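Notes follow once the structure below has been shown.
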Amino acid sequence: MGILRKILNYSPLGVLIYTRKFPSSEKKIDYQERFLKFDIGKDEKVLDLGSGGEPFKYATHLLDYFPGKTQHRYNELKTNGLPFVVGDIQQLPYKDKTFDFVYSAHVIEHIDNPELACEEMMRVASRGYIEVPTRMSDIMFNFARMNHFHKWHISIAGNTLIFSEYNDWERKDTGDVEFFKIAHSMLPNSLKKAYRKNKNLYTNMFLWKDHFNYFVFDKLGNLISSNYKK
């Protein structure tokens, strides 16, 4: 078994088996609840922004900008019978504090004006969750090189989100797609184990309540916008 594992882990045959026969079945909620607790009551109103084909487990309302096919989603839209609205996270069609909790996973790294999205989330809900890939994940798995895909890499410092626009030199192809394929395989392997165990190094998970700060920098390092006040 040990010899077979080594063959599968390191040989071209192993890569072929991992990547073409057994796609990963892990959902976002699977790793999220390994790292944090949402503490959402059964009677609370929860909005999922960018719900796509994998709506948030606790959502009561859904919103997505792309009801049809898009490069931003690998699967088809699902609504699970919940109230659904086509809308823009940068201009939400809801009144102030309509929701108890707002959830946004892998959305704001794509948009033109993340400060608008941040303000809108704080406007329509009293608390929430924001999830984005780390810079390491984007470059290692080649998401940064894709045209019109991820515009920002986002860091977390306490109660603050720091948006930095990707530089042109960061948008290169590493020339290796096997990291992505093996890490997302259904079969066990050493890279997948490290990826799952250390998901918080590849994914920023940000719970907020009442208010959070943000800074937005362009690719030249210029501060575009911020809500921070001393």
In region 178-219, which residues are hydrophobic (A, V, I, L, M, F, W, C) and modelled with pLDDT of 95 or more?
-> M205, F206, L207, W208, F212, F215, V216, F217
Determine, yes or no, whether R34 is under 28 Å from S225 (Cβ atoms), part of a helix (DSSP H, G or I) and open to solvent by 40 Å² or more (accessible area, probe 1.4 Å).
-> no
Exception for E76 within (1) at pLDDT below 95; (2) in a loop (DSSP other than H, G, I, E, B); (3) under 30 Å from N167 (Cα atoms); (4) not basic (K, R) falls at (3)
Region 197-211: number of residues that are buried (at least 16 other Cβ atoms within 10 Å of the Cβ) and charged (D, E, K, R) = 1
Selection count, region 96-114, where residues are buried (at least 20 other Cβ atoms within 10 Å of the Cβ) and of a type outside the set (F, W, Y) | 7
Within region 155-174, residues out of contact with any strand residue (DSSP E or B) (no Cβ under 8 Å at 6 or more places or on another chain) and part of a loop (DSSP other than H, G, I, E, B) come out as G158, N167, R171, K172, D173, T174
Which number in (1) open to solvent by 30 Å² or more (accessible area, probe 1.4 Å); (2) touching a residue at least 60 places away in the same chain (Cβ under 8 Å); (3) not acidic (D, E) marks the one condition that Y214 misses?
-> (1)
Please go through region 137-153 and pick out each residue that is of a type in the set (A, V, I, L, M), in a helix (DSSP H, G or I) and in contact with a strand residue (DSSP E or B) (Cβ under 9 Å, 6 or more places away or on another chain).
-> I139
Collect the residues in region 175-189 that are outside any loop (DSSP other than H, G, I, E, B) and either without any contact (Cβ under 8 Å) to a residue 24 or more places away in the chain or open to solvent by less than 60 Å² (accessible area, probe 1.4 Å) (or both), keeping them in residue-number order.
-> I182, A183, S185
Enumeration of residues in region 133-166 that are open to solvent by less than 50 Å² (accessible area, probe 1.4 Å), of a type in the set (S, T, Y) and free of Cβ contacts under 8 Å to residues at least 60 places away in the same chain | S164, Y166
Of the residues in region 129-160, those that are over 14 Å from the mean Cα position of the chain (by Cα) and under 23 Å from L47 (Cα atoms) number 2
So which residues in region 122-132 are open to solvent by less than 10 Å² (accessible area, probe 1.4 Å) and not in a helix (DSSP H, G or I), if there are any at all?
-> A125, G128, Y129, I130, E131, V132
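The values are calculated or read from the model by the stated rules, or taken from the named source; none is laboratory data. Since this is a predicted model, take the numbers as computed values, not measurements. We place every Cβ from the backbone using ideal geometry, glycine too, and count neighbours over all the protein chains shown. Note: areas computed on protein heavy atoms with side chains; ligands, DNA, RNA excluded. Shrake-Rupley method; radii C 1.70, N 1.55, O 1.52, S 1.80 Å.
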